[in-house]
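Trainee: Dropping the structure in here first, questions after.
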Amino acid sequence: MARIVGGIGLSHVPSVGPVVDRGRQTAPAWKPLFDAYIPVRSWLEKLNPDVAIVVYNDHVAEFTFDKYPTFALGAADRYPIADEGFGTRPLPEVPGDAEFSIHLCEELIAAEFDLTVCQELGVEHGFLVPMNLCFPHTASGWPVRSVPLQVNVIQHPLPTARRCYRLGQALRKAVSSYKEDLKVVVLGTGGMSHQLQGKRFGFMNEKFDQWFLDQLEGNPEALAELSHHKIMEEAGAEAVELIMWLTMRGALSPKAKRVHRHYYAPMTTGMGLITFEE
Amino acid sequence: MCAALCSPAEREAFKRDEETFMARFCLTEEEKGLIRKRDFKGLIEHGMNIYAMLKIGSTTGNSLYRMGAQMRGESYEEFLATRNMKDAV
């Protein structure tokens with residue numbers, strides 16, 4: 001049977017993409033971020049997952065406002081690299097696992113999460129930056145298969161934090177009923193504190209972010225109670241992406257052990273990192 | 001209009017002839033005026049989504065941080081001086 005072996009909460013700042021593409025990971029401004037992932041990558045090599053389910057949001061690249069799904073799941077064997085307005089990054093296509101995805105779709109829809117099922121889906125920085133940080137690609141491609149799970153966190157009305165947490169719990173059940181013996185990690189991406197619009201552009205709140213990391217570890221139920229307004233007031237309008245970390249946390253058992261934790265806020269986003277192991 | 005800018009050919013079309021490009025979409029005169037003026041603060045106040053606006057920024061040579069400085073009412077340099085590590089761009 002398939003099982004979830006670990007979870008990662010991490011930010012998906014777009015400026016990380018060009019840093020990877022130009023090999024600037026050791027530049028002084030970026031080294032603290034990339035160094036934090038060295039032990040995470042070693043840990044992932046030991047866990048040796050077959051599939052990474054990446055809970056992320058698209059930024060008006062593949063999903064546009066003429067039709068916008070609340071939750072969308074990739075169900076393909078490959079995901080091309082999307083152009084989100086800055087050109088297509090020089091990355092290999094990301095391998096998927098359509099059979100596993102279709103199982104997840106069937107189980108999640110049976111559990112009353114009415115997903116949009118995507119048999120064609122390009123992926124952009126919301127998905128790719130976390131993959132770059134956790135699963136560096138080589139000339140032969142990516143070291144893991146992926147399932148993209150897209151959440152609407154950019155066009156109101158948004159799903160609630162609790163809904164995202166419950167989606168994670170349903171995802172856990174769906175994974176565990178898959179017949180094949182797969183090891184799965186779940187990545188919850190986005191956030192942490194940031195605001196990218198208006199007079200408050202550049203707002204961050206490390207105190208809130210550290211509190212969120214504390215609660216994610218020991219009391220995720222409390223985070224599921226947070227309203228969008230509360231998150232936006234305390235941590236900036238775009239910090240509402242943090243509800244996607246709750247899907248990751250919901251997919252893990254309450255007793256999952258925290259392994260790594262890091263925080264770096266150089267420019268306009270609190271870049272958090274937390275990992276859990278079953 | 002912004003979704004179209006997720007294509008190199010369309011970004012070139014915008015750069016070549018902005019007026020012809022904008023005429024293809026259902027924009028009001030007010031909206032076209034804000035785009036012509038690169039008034040990112042005004043576009044956001046008008047209801048534009050930040051991630052859609054980033055594509056206009058990319059096409060017109062205005063990075064997120066340049067747009068942000070304008071929204072804050074600061075120069076780019078003034079904005080960078082407020083950051084913890086301004087080289088992380």
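The values are calculated or read from the model by the stated rules, or taken from the named source; none is laboratory data. If you're wondering where the values come from, they're calculated on a predicted model, not measured in any experiment. Don't worry about glycine lacking a Cβ; one is built from the backbone with ideal geometry, like all the others, and counts go over all protein chains shown.
Trainee: Can you work out which of the residues in the stretch B:55-72 that are facing chain A (nearest Cβ under 9 Å) and without any contact (Cβ under 8 Å) to a residue 24 or more places away in the chain is farthest from A:Val20 (Cα to Cα)?
Mentor: B:Arg72
Trainee: Find all pairs meeting these conditions: Cβ atoms under 9 angstrom apart; at least six residues apart or on different chains; first residue within the stretch A:45-69 and free of Cβ contacts under 8 Å to residues at least 12 places away in the same chain; second residue among the small types (Gly, Ala, Ser).
Mentor: These pairs meet every condition: A:Thr64/B:Ala3; A:Thr64/B:Ala52; A:Asp66/B:Ala3.
Trainee: Here is a further query. Output the residues belonging to the stretch A:116-162 that are in a loop (DSSP other than H, G, I, E, B) and β-branched (Val, Ile, Thr). Steps first, please.
Mentor: Going through the stretch A:116-162, the residues in a loop (DSSP other than H, G, I, E, B) turn out to be A:119-122, A:124, A:135-137, A:139-140, A:142-144, A:152-160.
Passing the criteria: A:Val144, A:Val153, A:Ile154, A:Thr160.
Trainee: Does B:Ala88 satisfy the criteria of being surrounded by 18 or more Cβ atoms within 10 Å (Cβ to Cβ) and within 7 Å of chain A (Cβ to nearest Cβ)? Spell out how you get there, then give the answer.
Mentor: Working: surrounded by 18 or more Cβ atoms within 10 Å (Cβ to Cβ): yes; within 7 Å of chain A (Cβ to nearest Cβ): yes.
Criteria met by B:Ala88.
Trainee: Something else: Could you run through the stretch B:22-43 and say how many residues are surrounded by 14 or more Cβ atoms within 10 Å (Cβ to Cβ), more than 10 Å from the chain's Cα centre (by Cα) and within 14 Å of another protein chain (Cβ to nearest Cβ)?
Mentor: At the first step, the residues of the stretch B:22-43 found to be surrounded by 14 or more Cβ atoms within 10 Å (Cβ to Cβ) are B:22, B:27, B:31-32, B:34-35, B:38-43.
When the remaining residues are screened for being more than 10 Å from the chain's Cα centre (by Cα), the result is B:22, B:27, B:31-32, B:42.
Now narrow it down to the ones that are within 14 Å of another protein chain (Cβ to nearest Cβ): B:42.
The total comes to 1.
Trainee: Scan the stretch A:47-104 for residues that are in a loop (DSSP other than H, G, I, E, B) and of a type outside the set (Asp, Glu) and report the count. Reasoning before the result, please.
Mentor: First, the residues of the stretch A:47-104 that are in a loop (DSSP other than H, G, I, E, B): A:48-50, A:57-70, A:75-77, A:80, A:82-93, A:97.
Next, from what is left, pick out any that are of a type outside the set (Asp, Glu): A:48-49, A:57, A:59-61, A:63-65, A:67-70, A:75-76, A:80, A:82, A:85-92.
Residues in the stretch A:47-104 being in a loop (DSSP other than H, G, I, E, B) and of a type outside the set (Asp, Glu): 25 in total.
For (1) within 19 Å of A:Phe135 (Cβ to Cβ); (2) not acidic (Asp, Glu), each residue gets a yes or a no:
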site: A:Leu10; (1), (2): yes, yes
site: A:Gly17; (1), (2): yes, yes
site: A:Asp66; (1), (2): no, no
site: A:Phe71; (1), (2): no, yes
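Trainee: Which residues, taken from the stretch A:40-56, are surrounded by fewer than 24 Cβ atoms within 10 Å (Cβ to Cβ) and of a type outside the set (A, V, I, L, M)?
Mentor: Selection gives A:Arg41, A:Ser42, A:Trp43, A:Glu45, A:Lys46, A:Asn48, A:Pro49, A:Asp50.
Trainee: Now for a separate question. Are there any pairs with C-beta distances below 7 angstrom linking a residue in the stretch A:202-225 that is in contact (Cβ under 8 Å) with a residue 60 or more places away in the chain to a residue that is β-branched (Val, Ile, Thr) and loosely packed, with under 15 Cβ neighbours inside 10 Å, with the two at least 6 apart or on different chains, and if so which?
Mentor: A:Gly202/B:Thr82
Trainee: Sticking with this one: Restricting attention to the stretch A:63-90, and to residues there that are buried (at least 24 other Cβ atoms within 10 Å of the Cβ) and within 9 Å of chain B (Cβ to nearest Cβ), which single residue is farthest from A:Gly190 (Cα to Cα)?
Mentor: A:Gly85
Trainee: If I filter the stretch A:22-46 down to residues being within 12 Å of chain B (Cβ to nearest Cβ) and part of a helix (DSSP H, G or I), which single residue comes out as nearest to A:Asn132 (Cα to Cα)?
Mentor: This residue is A:Phe34.
Trainee: Does the stretch A:19-41 include one or more residues that are closer than 15 Å to A:Tyr264 by Cα and in contact with a Gly (Cβ under 8 Å, 6 or more places away or on another chain)?
Mentor: So far as the stretch A:19-41 goes, no, none of its residues is closer than 15 Å to A:Tyr264 by Cα and in contact with a Gly (Cβ under 8 Å, 6 or more places away or on another chain).
Trainee: For A:Asp83, indicate whether it is at pLDDT 95 or above and either within 24 Å of A:Ala2 (Cα to Cα) or among the small types (Gly, Ala, Ser) (or both).
Mentor: Details: at pLDDT 95 or above: yes; either within 24 Å of A:Ala2 (Cα to Cα) or among the small types (Gly, Ala, Ser) (or both): no.
No: the conditions fail for A:Asp83.
Trainee: I'd like to verify a number: residues in the stretch A:179-191 that are more than 14 Å from every other protein chain (Cβ to nearest Cβ) and in contact with a Leu (Cβ under 8 Å, 6 or more places away or on another chain), how many? Talk me through it step by step, then tell me what you get.
Mentor: Quick first cut of the stretch A:179-191, residues more than 14 Å from every other protein chain (Cβ to nearest Cβ) only: A:179-189, A:191.
This time we only want the ones that are in contact with a Leu (Cβ under 8 Å, 6 or more places away or on another chain), so: A:183, A:185-189, A:191.
Of the residues in that region, 7 qualify.
Trainee: Same structure, new question: Output the helices (runs of 4 or more DSSP H) that fall wholly within the stretch A:195-274 and possess 2 or more residues being out of contact with any Phe, Trp or Tyr (no Cβ under 8 Å at 6 or more places or on another chain), modelled with pLDDT of 95 or more and not aliphatic (A, V, I, L, M), or say none. If you could, list the steps in order and put the result at the bottom.
Mentor: Numbers: elements: A:206-218, A:220-224, A:228-235, A:243-250.
Correct list: A:206-218, A:228-235.
Trainee: Another question about this same structure. Under the condition of being touching a residue at least 12 places away in the same chain (Cβ under 8 Å) and in a loop (DSSP other than H, G, I, E, B), which residue from the stretch B:1-35 is nearest to A:Ile81 (Cα to Cα)?
Mentor: B:Cys6
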